[in-house]
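A short worksheet on the structure shown next.
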Amino acid sequence: MEKTCIIGCGAIFARHSEAVEALKEKTVLAAVCDIKKEKAIAAAEKFGCKAYFDYVKMLDEVKPTVVHVCTPHYLHFEMAAECLKRNINVVLEKPSAETYEKALKLCEIAKNSSAKVCVCFQNRYNKTSQALKTKISSGKYGKIYGARAFVTWSRDDAYYAESGWRGKMATEGGGVLINQSIHTLDLMQWVMGDVVKVEGTAVNHRFKHINDVEDTAEIALDFANGSRGIFFATVGYVKDSPIFLEIITEKAVFTLCDSLKINYADGSVETVENDRVATGEKAYWGDSHTLLISDFYSKIHDPEAFWVSPEEGAKCMRILNEVNRL
């Protein structure tokens with residue numbers, strides 16, 4: 001039986017706590033931690049565990065076997081590294097760090113720890129994402145020509161002002177690329193394979209008065225298989241539209257937008273629907289955190305590293321690092 005702690009009781013806390021609660025046969029939620037005492041106390045009361053306001057004190061006293069890091073970006077590296085040095089397994093919200101250099105350093109720290117790390121790219125577990133990856137990897141569809149992806153979402157001044165850390169390069173590590181669209185960028189590079197060249201720009205069109213990070217970005221990517229990709233993301237739209245990812249191959253065109261639609265060269269069409277559909281205000285987050293977290297717990301004691309590793313987390317950070325910002 002594992003002993004779990006969660007650091008950070010903010011917006012994403014519910015996804016993690018619900019996933020842990022669903023794993024009662026494998027773990028118990030022993031404690032939660034947040035520097036905002038009222039949040040930690042409320043979460044602890046809800047789940048019948050202990051509240052902490054200092055995560056190091058929590059690690060010392062509770063001695064967990066798994067820690068979920070659900071804090072602002074600039075705290076991810078520090079907290080994950082502290083856990084790994086104590087050989088505590090880590091479920092780490094994306095990004096793995098707020099800079100590429102720290103993301104690489106986390107990879108090295110993880111290699112020297114007996115603990116495992118799971119980076120939360122949960123959209124890899126969506127039924128449609130899995131189907132797309134399987135089909136493209138099969139090689140049955142001939143040459144891969146290219147891919148394009150769009151993320152057009154909406155944020156307002158209040159979203160940045162209320163957080164205290166979003167919209168600032170020092171604490172968020174960037175804007176739309178590292179926060180909102182990183183999941184789609186991850187899906188693109190996961191399916192298409194190694195990226196060998198990156199050129200792009202990131203600009204701030206709508207939030208210059210409050211932010212020093214990008215709200216809009218475009219990237220051109222070259223992949224090792226000879227194909228090309230384009231990527232566009234913004235939080236300057238009027239609503240959170242469904243993400244769009246298209247991959248063109250010799251024998252089929254794959255379009256991921258809620259469902260996965262495959263238009264074959266012979267005129268036939270195949271559709272794969274997601275079997276887990278999120279609802280509510282944060283529906284655009286998807287509903288695969290539970291799948292990812294359950295998979296991680298099932299593999300904690302396996303000899304090999306978890307497949308969504310710090311190395312996987314660093315791949316997107318490398319791409320972001322090569323984009324000319326602002």
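The residues of region 67-119 that are part of a helix (DSSP H, G or I) and of a type in the set (S, T, Y), listed by number, are Y74, Y100. Here W165 fulfils each of the conditions (1) touching a helix residue (DSSP H, G or I) at 6+ places or on another chain (Cβ under 8 Å); (2) at positive phi; (3) surrounded by fewer than 18 Cβ atoms within 10 Å (Cβ to Cβ) apart from (2).
Summed over region 183-217, the residues that are part of a helix (DSSP H, G or I) and aromatic (F, W, Y) give a count of 1. Of the residues D258, D302, D212, the single one that is at pLDDT 95 or above, surrounded by fewer than 19 Cβ atoms within 10 Å (Cβ to Cβ) and in the same structural domain as G173 (by TED's automatic domain parsing) is D212. For region 279-292, indicate whether the set of residues that are modelled with pLDDT of 95 or more, assigned to a loop (DSSP other than H, G, I, E, B) and surrounded by fewer than 16 Cβ atoms within 10 Å (Cβ to Cβ) is non-empty. No, that holds for no residue. So which residues in region 29-55 are surrounded by fewer than 18 Cβ atoms within 10 Å (Cβ to Cβ), in a helix (DSSP H, G or I) and basic (K, R), if there are any at all? Result: K37, K46.
Of all residues assigned to region 142-152, none qualifies as being in the same structural domain as N211 (by TED's automatic domain parsing) and part of a helix (DSSP H, G or I). A Cβ distance below 6 Å, combined with a sequence gap of six or more or placement on separate chains, defines the contacts here; from region 84-111, residues that are in the same structural domain as L59 (by TED's automatic domain parsing) and without any contact (Cβ under 8 Å) to a residue 40 or more places away in the chain reach residues that are among the aliphatic types (A, V, I, L, M) and not in a helix (DSSP H, G or I) in the pairs L84/A115; N87/A115; I88/V67; I88/A115; V90/V67; V90/V117. Only one entry of K26, K63 meets the criterion of being in contact with a helix residue (DSSP H, G or I) (Cβ under 6 Å, 6 or more places away or on another chain), surrounded by fewer than 20 Cβ atoms within 10 Å (Cβ to Cβ), within 22 Å of M1 (Cβ to Cβ) and basic (K, R), and that entry is K26.
All of (1) within 13 Å of C70 (Cα to Cα); (2) of a type in the set (G, A, S); (3) at pLDDT 95 or above hold for A51 with one exception: (1). Of all residues in region 103-113, those being in contact with a Phe, Trp or Tyr (Cβ under 8 Å, 6 or more places away or on another chain) and either among the small types (G, A, S) or buried (at least 21 other Cβ atoms within 10 Å of the Cβ) (or both) number 2. Within region 164-182, being part of a helix (DSSP H, G or I), farther than 22 Å from Y125 by Cβ and not small (G, A, S) holds for M169, T171, E172.
The values are calculated or read from the model by the stated rules, or taken from the named source; none is laboratory data. Just so you know, these numbers come straight off a predicted model, no measurement behind them. As a convention, Cβ positions derive from the backbone with ideal geometry for all residues, glycine included, and neighbour counts pool all protein chains shown.
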